[in-house]
1. Only residues in the range A:62-77 that are within 17 Å of A:GLY88 (Cα to Cα) count as the first member; pair them with residues that are surrounded by fewer than 12 Cβ atoms within 10 Å (Cβ to Cβ), Cβ under 6 angstrom, at least 6 apart or cross-chain, and list the lot.
2. Select, from A:THR168, A:THR207, A:THR176, the only residue that is modelled with pLDDT under 95, more than 14 Å from chain B (Cβ to nearest Cβ) and out of contact with any Asp or Glu (no Cβ under 6 Å at 6 or more places or on another chain).
3. Looking at B:GLY115, B:GLY103, B:GLY128, can you tell me which residue is over 28 Å from A:ARG42 (Cα atoms) and either within 13 Å of chain A (Cβ to nearest Cβ) or buried (at least 19 other Cβ atoms within 10 Å of the Cβ) (or both)?
4. Applying the selection to the range B:106-165, what residues are assigned to a helix (DSSP H, G or I) and of a type outside the set (Ser, Thr, Tyr)?
5. Every residue in the range B:33-57 that is among the charged types (D, E, K, R) and either surrounded by 14 or more Cβ atoms within 10 Å (Cβ to Cβ) or at pLDDT below 95 (or both), please.
6. When only residues in the range A:1-52 that are charged (D, E, K, R) and more than 24 Å from A:LEU104 (Cβ to Cβ) count, which is nearest to the chain's Cα centre (by Cα)?
7. Among (1) farther than 29 Å from A:ALA27 by Cβ; (2) surrounded by fewer than 23 Cβ atoms within 10 Å (Cβ to Cβ); (3) within 11 Å of chain B (Cβ to nearest Cβ), which single condition is A:ASP137 missing?
8. Looking only at the range A:39-52, which residues are more than 13 Å from chain B (Cβ to nearest Cβ) and either of a type in the set (Ser, Thr, Tyr) or touching a residue at least 60 places away in the same chain (Cβ under 8 Å) (or both)?
Number of protein chains: 2
Amino acid sequence: MKNSILASTSTLFGEEYLAYLQTELKAFFKEVAEIVFIPYARPGGISHEAYTQKVRAVFAQMGIGVKGLHEFENPVAALNSAKALFTGGGNTFLLVKQLHELGLMSVLKAAVEKGVPYLGTSAGSNIGGVNMQTTNDMPIVYPPSFETMGLVPFNLNAHYLDPDPSSTHNGETRETRIKEFHVFNDIPVVGLREGSWIRIKGTEIST
Amino acid sequence: MKNSILASTSTLFGEEYLAYLQTELKAFFKEVAEIVFIPYARPGGISHEAYTQKVRAVFAQMGIGVKGLHEFENPVAALNSAKALFTGGGNTFLLVKQLHELGLMSVLKAAVEKGVPYLGTSAGSNIGGVNMQTTNDMPIVYPPSFETMGLVPFNLNAHYLDPDPSSTHNGETRETRIKEFHVFNDIPVVGLREGSWIRIKGTEIST
């Protein structure tokens, strides 16, 4: 039975990393001694090691260990035997490229569908959608495919921002971009405003 | 001799389409009776016909005719015989996909390098860079490649926005995104603020 949290972001303005999710995460990871962390999205280009260290420090406060997926010699086996999974935010193109090139996207999907608790934030949530085509990220690398896990029958747009009626900037609003997506695609899109998340329990999806 | 204008945008806030470029464009297209317009970026999903009609109305005021590239049975021949070219803004992924799939990216590049006056705005400017990997657009379609014309030895970021120090939103700033690009790529990036453009004359590149 699927058991996942897909969150808009890791950090609310002025708060500590994952602070707004603390209560939720304590319940979610109650039975868990160790999380396998997927650091591939590398926010700001941070190294896998440094990113994992940051996450480790936060989960240590909850008494939960963290191992980075990059630390395993065999990442397929690591995903298959993980007791809990967390994919952090960063660049979705980078994350998706890495998961596809290492043959891990389908392995990750299978693990999550089998019921391994999965937490995603930002880019890590985007990959829970049907494809990554409603990301806000810059295409800094070229992934072999835009397909993602499809844990939910829709796409996600993390950090969703309502249109600002006072803006004098001519870049498209988020709403305009998603409407453009819908000219060429039928997949519904759920915008996740900062501080919101989607909870998946089996076939039940709630916010 | 290359002769191009790569502009940040088509329209400044509160102004008419191309108004801020009028003086520049009158000089740039002085000798030109007809422009071939590339409407593939389809802003807001607008049709090729409607987009071309919008552009035609503006150039009519300058006494210049406009034909949409989609109107030609043979777009390769159309690009090869065009006296002037304009690629409008919209979605860069859509534009680049279409140009590659129709085999037109290299044909367009050759025409511009031969000296056919080329105007790009927004997505139409992005394709003047080495690749489209510093676009702000949403990946609503999957292009077979991110390579673009490389009229200049750098990438462009249209609608460049300076970081807003008062922002409480946790989406990355433009600067952060471009820095992430540079973790994985050596290509320099020129941010084009609204209302600015790059002028290319042969080997001379100025703003």
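1. none
2. Sole residue among the options that is modelled with pLDDT under 95, more than 14 Å from chain B (Cβ to nearest Cβ) and out of contact with any Asp or Glu (no Cβ under 6 Å at 6 or more places or on another chain): A:THR207.
3. B:GLY128
4. Start the filter on the range B:106-165 by keeping residues that are assigned to a helix (DSSP H, G or I), which leaves B:106-114, B:123-126.
Of everything in the range B:106-165, those that are assigned to a helix (DSSP H, G or I) and of a type outside the set (Ser, Thr, Tyr) turn out to be B:VAL107, B:LEU108, B:LYS109, B:ALA110, B:ALA111, B:VAL112, B:GLU113, B:LYS114, B:ALA123, B:GLY124, B:ASN126.
5. Listed by number, the residues that qualify are B:GLU34, B:ARG42, B:LYS54, B:ARG56.
6. A:GLU24
7. Condition (2) is where A:ASP137 drops out.
8. Step one: of the range A:39-52, the residues more than 13 Å from chain B (Cβ to nearest Cβ) are A:39, A:49, A:52.
The one that is more than 13 Å from chain B (Cβ to nearest Cβ) and either of a type in the set (Ser, Thr, Tyr) or touching a residue at least 60 places away in the same chain (Cβ under 8 Å) (or both): A:THR52.
The values are calculated or read from the model by the stated rules, or taken from the named source; none is laboratory data. All of these numbers come straight from a predicted model, not from anything done at the bench. As a convention, Cβ positions derive from the backbone with ideal geometry for all residues, glycine included, and neighbour counts pool all protein chains shown.
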